Amino acid sequence: MTRVGRLLDEAARRLRESGFASPRREARLLLAGVLEVPSGKLLAYPEQEVAPRGENDFGAALERRLQGEPLSRILGRREFWSLEFEITPAVLDPRPDSETLIQGLLARLSEREGEWSVLDLGTGSGCLLLAMLHELPQARGIGTDCSEEALLVARRNATRLGLDARCRFLCADWGAALQGPFDIVLCNPYIGEVERAGLPVEVAMHDPATALFAGPDGLAAYRSLSGQLPDLVGKNGIAAVEIGAAQAEAVARLFRQAGAGSVEVLRDIAGHPRCLLLSGFPQCAAN
């Protein structure tokens with residue numbers, strides 16, 4: 001059997017030679033994930049021996065990483081909003097930029113103990129909905145997705161996080177099968193095919209294309225949403241819709257034409273436009 005230290009040394013060498021910026025860290029996180037142990041344990045006990053099966057699994061995982069597959073895809077999990085989510089090839093890999101939606105909504109709620117109703121359109125792994133429910137202990141929510149495989153992942157995540165009693169998941173085309181109003185609506189729509197060339201390899205090659213691209217200009221999903229949100233967002237409700245860095249003006253125009261009285265652009269930690277906060281739809285008065 002091979003010792004942990006030796007495995008890490010060899011893996012770090014190969015990752016370094018392939019141009020990875022933090023080869024030692026990458027190696028440690030990968031081995032810890034494969035062995036299902038805390039990464040700190042590997043640092044504390046480099047003399048620990050790894051069984052042949054673990055060594056073989058680590059070797060296979062390392063080859064995948066060297067080919068550019070994201071660490072989260074290899075291990076099948078991703079941290080989002082300090083919560084761990086299962087991910088599979090059926091769902092998008094949650095990324096820190098999407099936390100802008102959660103931050104923006106929480107900053108504008110009057111209080112967190114209210115019995116808020118939450119709707120997550122295109123829920124995927126369920127990360128947006130479940131992060132909100134984690135922060136709002138009295139809230140209840142619904143997540144929709146057109147993929148039954150994605151909904152299975154979302155349900156497993158809800159159960160593992162202990163939030164399944166406060167949410168349900170439905171197969172639907174965005175919110176077409178639902179009747180509002182909801183206090184909070186979240187959505188992370190698709191981007192345009194024209195943006196494919198500028199995407200990182202780990203996104204373009206490993207996220208599911210059907211959940212990533214929406215027509216040549218990337219506005220197809222927003223056009224559908226602009227017709228649905230007025231009937232879903234409550235009178236005093238608010239919607240947070242993720243946008244691509246170059247989409248703010250075009251998407252904001254769509255929602256203003258749909259009647260949104262307030263359209264606010266939020267920027268992510270890199271300073272890029274990332275989210276539209278929408279409220280004041282005239283139809284809400286009838287809800």
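Quick note: the coordinates plus some simple rules give every number you see, no bench work behind them. Because the structure is a prediction, the values reported are computed rather than measured. Here Cβ is always computed from backbone atoms with ideal geometry, including for glycine, and neighbour counts include all displayed protein chains.
To keep it simple, each residue is scored yes or no on (1) touching a helix residue (DSSP H, G or I) at 6+ places or on another chain (Cβ under 7 Å); (2) of a type in the set (Gly, Ala, Ser).
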position	(1), (2)
80	yes, no
88	yes, no
102	yes, no
111	no, no
115	no, no
123	yes, no
141	yes, yes
144	no, no
* Give me a count of the residues in the stretch 216-259 that are assigned to a strand (DSSP E or B) and over 20 Å from residue 180 (Cα atoms). => 1
* What strands (runs of 3 or more DSSP E) completely inside the stretch 23-132 contain at least 2 residues that are free of Cβ contacts under 8 Å to residues at least 24 places away in the same chain and over 23 Å from the mean Cα position of the chain (by Cα)? -> none
* **Residues within the stretch 244-259 that are farther than 18 Å from residue 227 by Cα and of a type in the set (Lys, Arg), tallied** => 0
* **One residue from 50, 34 being crowded, with 19+ Cβ neighbours inside 10 Å and in contact with an Asp or Glu (Cβ under 8 Å, 6 or more places away or on another chain)** => 34
